[in-house]
1. Just one of (1) crowded, with 24+ Cβ neighbours inside 10 Å; (2) closer than 21 Å to ARG291 by Cβ; (3) not charged (D, E, K, R) trips up GLY175, so point out which.
2. How many residues does region 143-178 hold that are near the ligand (Cβ under 10 Å from one of its atoms) and part of a helix (DSSP H, G or I)?
3. Consider ILE32 carefully, then state whether it is buried (at least 24 other Cβ atoms within 10 Å of the Cβ) and more than 15 Å from the ligand (Cβ to nearest atom).
4. Of all strands (runs of 3 or more DSSP E) completely enclosed by region 219-324, which ones contain at least 2 residues that are in contact with a strand residue (DSSP E or B) (Cβ under 9 Å, 6 or more places away or on another chain) and closer than 15 Å to GLY151 by Cβ?
5. Provide a single number: the residues in region 156-180 that are touching a helix residue (DSSP H, G or I) at 6+ places or on another chain (Cβ under 9 Å), closer than 19 Å to ARG199 by Cα and not basic (Lys, Arg).
6. Collect the residues in region 295-324 that are among the polar types (S, T, N, Q) and either more than 18 Å from the chain's Cα centre (by Cα) or within 10 Å of the ligand (Cβ to nearest atom) (or both), keeping them in residue-number order.
7. Working carefully through the options GLY147, GLY125, GLY160, find the one that is buried (at least 21 other Cβ atoms within 10 Å of the Cβ) and closer than 21 Å to ARG296 by Cβ.
8. Go through region 47-81 residue by residue and tally those that are surrounded by 24 or more Cβ atoms within 10 Å (Cβ to Cβ) and among the β-branched types (Val, Ile, Thr).
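The values are calculated or read from the model by the stated rules, or taken from the named source; none is laboratory data. Please read all numbers here as calculations on a predicted model, not as lab measurements. Using ideal geometry, Cβ is built from the backbone for each residue, glycine included, and neighbour counts are taken over all protein chains shown.
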Amino acid sequence: MKAVVCKQWGLPELLDVADISPPIPGPGQVLIEVHAAGVNFPDTLIIQRKYQVQPELPFSPGGEVAGRVKALGLGVSNWNVGDRVVGSATFGGFAQEAVIEAERVVPIPEGMDYSVAAAFVLAYGTTLHALKDRGRLKSNETLLVLGAGGGVGIAAVEIGKAMGARVIAAASDSGKLELCIAHGADAVINYTTEDLRERLKELAPNGIDVTLDPIGGERSEAAFRCMAWEGRHLVVGFAAGEVPKIALNLPLLKGASIVGVYWGNFLRRDAETTRAHMRDLFALHASGSVRPPVTRSYRMEEAGQALRDVMERRVKGKVVILTR
Ligand SMILES: NC(=O)c1ccc[n+]([C@@H]2O[C@H](COP(=O)([O-])OP(=O)(O)OC[C@H]3O[C@@H](n4cnc5c(N)ncnc54)[C@H](OP(=O)(O)O)[C@@H]3O)[C@@H](O)[C@H]2O)c1
């Protein structure tokens, strides 16, 4: 089978496409004939050995795949060969075949194509877990989404609206902000040209109830200083490259919380709730409340370009790699 292969740690340009032996599903695993693989920020980290999980070389990056079940490992009885599924792994997805734990796979609803399914699981799964389980976002609360034009960000705009919140979307350029408005944002802030804190004071004089923060860096503290009483700042990631340090007098003064979000670990600890979340998300998709924007698809030979585009902040919404 054809696969994108990382043979040495480093930048996306070092990735190769090669013919390699397909993986064999072990006990409790399924082999998936991959049609589309979602591209996510962690894929850019794992090839540079900067991610919390470090596979042995060589390996294929790619954390989420959509396709058909091709074979079943020992003890797997809840799937049939030919089922259309989407699943999340940590790596191995930028390939024509991938193995995934059977419990980390869900059926693709009728009418959803492979590209959309592959763009859905990680970003939307993380975001629902963040807003519902960790942030306890309530209807009519004000939600601030940083990096709102990215994968997790646009999911947060949509899911936040579906949960009844007023959503303020903040991002670095006007194209991303237009996408946020098209996906339901009530107000937008361009944090490259506008002062984030000043604009937040204007847009939310009573403060922000929940901030979803996938970027880190200097903007985390600016946002945190605009929290409402008992606000929740959800730490999702550090795409800006810097882990911010926030003085603990700030949460004290606001009665506010800094709350960690780690979807991969949640999934390992509570696969059942994760599956229930996916069912809820697919229902939201069927009703038209969430519509993941797949703005570009790449061939496997362009995987390096796809990851470079993510690193250079050129991606709007979600992008996928088509493997066939
Ligand atoms: N905790 C979890 O369970 C979990 C799960 C999934 C993802 N994550 C993390 O969440 C973050 C977002 O993931 P994603 O897949 O949504 O990524 P993405 O689509 O690439 O979006 C990230 C956004 O971050 C902003 N950004 C700011 N500085 C950046 C920089 N130096 N390089 C790249 N982007 C930068 C960009 O928006 P602007 O250009 O508008 O600033 C970009 O749209 C990542 O850190 C990822 O590791 C965490």
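1. The one condition GLY175 does not meet is (1).
2. Residues meeting the conditions: 9.
3. Details: buried (at least 24 other Cβ atoms within 10 Å of the Cβ): yes; more than 15 Å from the ligand (Cβ to nearest atom): yes.
It is true that ILE32 is buried (at least 24 other Cβ atoms within 10 Å of the Cβ) and more than 15 Å from the ligand (Cβ to nearest atom).
4. On the way: elements: 227-235, 257-260, 294-299, 318-322.
Filter on region 219-324 gives 294-299, 318-322.
5. Taking region 156-180 as the starting set, the residues that turn out to be touching a helix residue (DSSP H, G or I) at 6+ places or on another chain (Cβ under 9 Å) are 156-160, 162-163, 165-171, 176, 179-180.
With the extra rule that they be closer than 19 Å to ARG199 by Cα, the set shrinks to 157, 165-171, 176, 180.
Restricting the remaining residues to those that are not basic (Lys, Arg) gives 157, 165, 167-171, 180.
Number satisfying all stated conditions: 8.
6. GLN305, THR323
7. Working: GLY125 fails: closer than 21 Å to ARG296 by Cβ; GLY160 fails: closer than 21 Å to ARG296 by Cβ.
On inspection, the qualifying residue turns out to be GLY147.
8. Within region 47-81, residues that are surrounded by 24 or more Cβ atoms within 10 Å (Cβ to Cβ) and among the β-branched types (Val, Ile, Thr) number 2.
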